[in-house]
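As structure tokens, the structure follows; a few thoughts come after it.
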Amino acid sequence: TIEDTGIKVSGVGVGEWGEGGSQQVQVGAHTVTVKLSEDTGIADDVLTNVKVDGKNVIIKAYSVSGQHLKCSLGEGVFSPLNKTSNLVYTFTLSNIASDITATIGYAKPVTVNVSSNSAVYGTAKFVGDSYEGEQVTFTATTKNEYSKFIGWQDADGKTLSTENPYNVALHSSISVKADFELPEGVIDIN
């Protein structure tokens, strides 16, 4: 609280980092268990802090070795994260409707391939870290004033999104294509 006479600080809690093992918290009638994966050496490398904030569970995880981390809620399902510049990962679990186990583990690198429909001078790029569970942004641009962005497709031609830029948390390697079209009557001579 900022007052005329200075700053007043109250209600500050200092949480401890946990090493190895698992931690449990209660959210209403449900138990959330946070544990470390069985990755080699992770018990000596990763520190965690778990707290309840209203109806949410906030998990902070820090890798002493600086490796990228993920929070898995099941096979191939990762929780949203926010990574700070000092490599502290913050995972927020919301809408908890049953007992769940969140497993902190090392995020593995993923491969991102992007391409575009070059016939209309389009370019596609991604910006972000290429590790599973992390958010990346795909952006499509065109050098041809007549071309129109249609959407993003996967390697099988399935539409992933019509938004540009396209934001997604990657859980595995991916190939995406920025799809453009020319309006009827416009001819691309390249």
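Go through 52-65, 151-164 and give me the packing order, highest mean Cβ count within 10 Å leading. Working shown, then result.
Working: 52-65: 15.7, 151-164: 12.9.
The peptides rank, most packed first, as 52-65, 151-164.
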Run down the lysines and flag those whose C-alpha is under 21 Å from the C-alpha of residue 83, throwing out any fewer than 8 positions away in its chain.
35, 51, 60, 70, 108
Throw me the Rg/Rh for the stretch 30-74, computed over C-alpha atoms with Kirkwood Rh, two decimals.
0.98
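Just so you know, all these numbers are worked out from the coordinates, no wet-lab data involved. The structure presented is a predicted model; accordingly, all values stated were derived computationally and were not measured. So basically every Cβ, Gly included, is an ideal-geometry build from the backbone, and we count neighbours across all protein chains shown.
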